[in-house]
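One structure is given below, encoded as structure tokens.
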Amino acid sequence: MVPPGKLETVVTFLEMTADPGPDPRPPPGVAPRVDFVPAPSLAYYRYLYNTVGADWLWWTRRAMDDATLAAIIGDPAVEVYVLSVDGEPAGYGELDRRDPRDVELAYFGLMPAQVGRGLGRYFLAWMVRRAWQPQPRRLWLNTCDMDHPRALDLYRRAGFQVYRRENRVIDDPRLAGLFD
């Protein structure tokens, strides 16, 4: 039984230990663009994070103070990429190379209006290809059962394999005022 004010979730850790292959192709009829955003402003980063993660209760970066978040996203080993369609942000991904042998796909997702258009497969494949340049030992990520219902399947189809699961009980971030 989960106590009041708490949420129970299953966190799944996945990894990829070899480059999966060819460059991705965008979905038909869409001309996406991916841009590297070195040291994004806090306002822009929070916009991306909050918009992409709102429906999935992404809360950890919402709870961070500005100085802590600025240190992370300003680190040259942390790479933020923005997917755009028709000149508007469609999603973002973040590679954490602070351990160059074990690169983390720290965040990845689409803006709500872009979900279901085939952009997720394309952008994930793009991020994976970017992560493998230069060659790390592995690429890893985690997701949880509060994420998009198809997220785990998307990661598996991209070549990631589950290596660990954890049950966690967290404070409900909605009760902390982190969500409107």
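Give the peptides 60-70, 1-11 in descending order of average Cβ contacts within 10 Å, highest first.
60-70, 1-11
Within a Cβ distance under 9 Å of Trp140, other residues only, what is the Lys/Arg minus Asp/Glu net charge?
Residues close to Trp140 contribute a combined charge of -2.
How long are the semi-axes of the equivalent ellipsoid of region 6-171, taking √(5λ) for every eigenvalue λ of the Cα gyration tensor, in whole Å from largest down?
21, 20, 18
Taking only DSSP H segments of four or more residues, each worth -39500 (n - 2.57), what value at 222 nm results for the chain once the sum is divided by all its residues, to the nearest 500 deg cm²/dmol?
Mean residue ellipticity at 222 nm (helix-derived): -7000 deg cm²/dmol.
Taking the Cβ of Ala77 as the center, what net charge do the other residues with Cβ under 9 Å away carry, scoring Lys and Arg +1 and Asp and Glu -1?
Net charge around Ala77: -2.
Relative contact order of the chain: what whole-number percent is it, with Cα pairs under 8 angstrom and at least 6 residues apart?
Relative contact order of the chain: 38 percent.
Since every read-out is calculated from the coordinates, none of them should be taken as a lab result. The shown structure was predicted, so the numbers you read here are calculated from the model rather than taken from an experiment. With ideal geometry, Cβ positions are generated from the backbone for all residues, glycine too; neighbour counts draw on all protein chains shown.
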